[in-house]
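First the structure, in the form of structure tokens, and then the observations on it.
The values are calculated or read from the model by the stated rules, or taken from the named source; none is laboratory data. These numbers come from a predicted model, not from an experiment. Please note: Cβ atoms are built from the backbone with ideal geometry, for glycine as well, and neighbour counts cover all protein chains shown. The protein model used for the area step is the full one, side chains on, heavy atoms only, and it has no ligands, DNA or RNA in it. Shrake-Rupley method; radii C 1.70, N 1.55, O 1.52, S 1.80 Å.
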Amino acid sequence: MICALGSAVCFGTASVLQAVAARATAPGTGSGSGVDPRLLLRVLGQWRYLLGLALDGCGFLLELVALRSLPIYAVGAALAASLAVTAVVAVPLLRVRLSRAEWAAVLVVCGGLGLLGLASGAEGKATGSTALRFGTLAVALAILAWGAVAGRLPGRARAVALGLGAGFGFGVVEVAVRLVPDLSPASLLSNPATYALLIGGGAAFLLLTSALQRGSVTAATAGMVIGETLGPALVGVVWLGDRTRAGLAPLGITGFALAVLGALALARFGEAPEEAGVVEEPEGPWAPEEPGAAGPSDMTAGATAEEPATTGLRRGRQHP
């Protein structure tokens, strides 16, 4: 569990560091589409951005270790908790003010993870059948088709659908890691789960990036959290033998639900705030944003605005 929590801390902190670096980088002239392809080269000169990339790398390695020793449901819930880390770290570094409801959500996430840590058993001993490996590969390919369809949906529905697809893609990665028991080159090349991992991860990155470019950060992140926690957890329990400690299943279910619900309440931190400043306290974590409340220089926290920020890199998933 320490590795899973360490991974969440790395991902959540990296997101804020990269947002700070991107904000401190000259925007440049860009192109007619408003996208500056040279931005990446400029932010690579920022030590905070490089530190964020290093933390992303450490987070990914810790995630792999956690997936090899913990039930998938525990790792998935811990990774969703990186949103709580981002929210807390954004307070001193970006001078973002959390609402009372958001501080409560942070506490809910921590409490849920605490319960989950107490209830989680060791990972299931099953390595998965051949049918499950091919099924995981089929799901990874289906996610690509899902993205093509979801990208044609209007507004918020598109962001939710693309975020959900991205979550399923990251879920495929979580499951595929458990379906690769042998890391020898010959075994890797002959295992369908290896290709599922690569395709699922790549598809998830593309879908989430598209969702954040063309829709609400909050809606996209909420879809992603649901997709990357519920599906993989079910696969782990049903097909890979993941269980809680004896007699603690209700405690584990409660902890999992609290961690996921708390992460959903912090979904606006799916991409770290672009501008420092004071955020108006909403009435709740899902409070809608008034039209015109966020201008080009006022995207303080991504909130629910339909024009998302484009800085930050959560879990190595987003571009600067």
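Things worth noting here:
- Accessible surface for segment 190-280, divided over its residues, is 37 Å² per residue with a 1.4 Å probe.
- Amide hydrogen proximity for residue 120: with H placed 1.01 Å from N in the peptide plane, the residues at 5 or more positions away or on another chain lying under 5 Å are 245.
- Remark on residue 191: its backbone amide H falls under 5 Å from none of the residues 5 or more positions apart or on other chains, H modelled at 1.01 Å from N.
- Segment 43-120, relative contact order in percent, only Cα pairs under 8 angstrom and at least six apart counted: 30 percent
- For residue 75, net neighbour charge (Lys/Arg +1, Asp/Glu -1) across residues whose Cβ lies under 12 Å away: -3
- Heavy-atom accessible surface of segment 107-203: percent carbon and sulfur, 1.4 Å: 77 percent
- Integer Hz, Karplus 6.51/-1.76/1.60 couplings in order for segment 87-97, x for Gly and Pro: 4, 5, 5, 5, 4, x, 7, 10, 6, 7, 9
- Note that segment 141-152 has calculated 3J(HN,Hα) couplings of 5, 5, 5, 4, 5, 4, x, 4, 6, 5, x, 8 Hz, one per residue in order, obtained from phi through the Karplus relation 6.51 cos²θ - 1.76 cosθ + 1.60 (θ = phi - 60°); glycine and proline are x.
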